[in-house]
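Read the structure below first, then the notes.
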Amino acid sequence: MRKIKVNEIYYSIQGESSLSGLPCIFIRLTYCNLRCSYCDSEYAFYEGKDMTINQILSEIKKYHCNLVEVTGGEPLLQSGCIDLLNELIAKKYEVMIETGGSLPVNLVHKNVKKIIDFKCPSSNMENKNLWKILDDVSKNDEIKFVIGDQTDFRWAQNKIKKYEIEDKCNILFSCVFEKLKYETLVKWLLDSNIKARFQLQTHKHIWKEETRGV
Ligand code: SF4
C-alpha cells in the first residue's frame, strides 16, 4: 500500500483559525516547496517516517478526538494526502488542511475545511501564490495572511479587494511572531474595516516557540 511521509502526529489545541481553542489532532506531513523567511517548521522539510493510511488512522484513534488537522510543511506536495483526507472524512472526522497557497486544492474533499495561507511579500514567497485556488474555496474555508509589516498589510488589503475574498470565505490575519506587534495589526484592521478575524497563534503563547508536538 502507498505510504505517506509523516513528520509528526500529536494531540494539542488548535491555535489558529475559527476553530482556535478546540482540542485537535495534528498530522504534520513532511516536505515543503516553499522557504518562507519566518518559517517555524523547518524540521518538517525532510524528517519523517513512511506510514500507510491505516497506520496513521490507528495512531490517531488513541486520542479520542474528532477534529483533525493535516498540515506541513506543505501537505499537498504528497499525492497520498488527498487519499488521507478522503479516508478521514469517510471515518467521520471533522477535517482541516493547512496549505501554503501555492498548489491546487481542487482535489481536496469538499467537506474538508481549507486554511489557505497566501504568502505576503515579507515571506519572500509572494511569487509562488496561486490565486486561481480562490475558484475552489467555499464559505467554510479560510484565507490567512501572516503580516510582517505595513507593506504586507497594504498588499493583503489590495488582494482581498481585487479577488473579492470577503464574499468568498472567512479571512484570518496573524502577525509574524515577535516581528509585528499585535496592537499594531489590530489597529490597522480596525481602521481598514476589513471583515477579518485577528488571531494570536494561541499555542505559541502557551508553550515556548521551539517546543515540538504542541
Ligand atoms: S509554507 Fe509553512 S512550512 Fe513551508 S516554508 Fe512556509 S512557513 Fe515553512
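The values are calculated or read from the model by the stated rules, or taken from the named source; none is laboratory data. Here the structure is a predicted model, which means the values were calculated and not measured. All Cβ positions, glycine included, derive from the backbone under ideal geometry; neighbour counts span all protein chains shown. Note: accessible area is taken over every heavy atom of the protein model, side chains too, but ligands, DNA and RNA are not part of it. Shrake-Rupley method; radii C 1.70, N 1.55, O 1.52, S 1.80 Å.
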(message) Please report Rg (one decimal) and Dmax (integer) in Å for the Cα set of the stretch 1-43.
(response) 12.8, 36
(message) Check which residues have an amide H placed less than 5 Å from Phe118's amide H, if you skip close sequence neighbours.
(response) Lys144
(message) How large is the translational diffusion coefficient of the stretch 1-104 in µm² per second when you combine the Kirkwood radius over alpha carbon pairs with Stokes-Einstein at 10 °C and 1.306 mPa s?
(response) 115 µm²/s
(message) Strictly greater than 20 Å: what percent of every Cα pair in the stretch 74-157 meets that?
(response) 35 percent
(request) Return the inverse of the average 1/r over all pairs of distinct C-alpha atoms in the chain, which is the Kirkwood hydrodynamic radius, in Å to one decimal. (result) 17.5 Å
(request) Report, to the nearest 10°, how far helix 182-192 tilts away from the longest principal axis of the Cα atoms in the chain, using its own Cα long axis and a range of 0 to 90°. (result) 60 degrees
(request) Select from Gly48, Gly100, Gly73 the residue whose mean-square fluctuation is largest in a Gaussian network model of the chain (Cα-Cα springs shorter than 10 Å). (result) Gly48
(message) For a protection proxy built on the mean count of beta-carbon atoms within 10 angstrom, sort 143-154, 166-177, 101-112 highest first, please.
(response) 143-154, 166-177, 101-112
(message) Place a point 7 Å from the Cα of Lys179 along the Cα-to-Cβ direction; which residues of the stretch 39-65 have their backbone N under 16 Å from it?
(response) 39-42
(message) Going 7 Å from the Cα of Tyr63 along its beta-carbon direction, which residues of the stretch 70-84 have the amide nitrogen within less than 16 Å of the resulting point?
(response) 70-73, 75, 84
(message) Taking 22 Å as R0, compute the FRET efficiency from the Cβ-Cβ separation of Asp83 and Asn33 and round it to 0.05.
(response) 0.65
(request) Using a 1.4 angstrom probe, figure out how much accessible area the chain has per residue, in square angstrom, rounded to the nearest whole. (result) 49 Å²
(message) Quick check: at a probe of 1.4 Å, how many percent of the accessible area of the stretch 76-123 sits on carbon and sulfur atoms?
(response) 51 percent
(request) Pop out the ³J(HN,Hα) list for the stretch 143-150 in order, Karplus 6.51 cos²θ - 1.76 cosθ + 1.60 with θ = phi - 60°, rounded to Hz; leave Gly and Pro as x. (result) 9, 10, 10, 9, 9, x, 6, 5
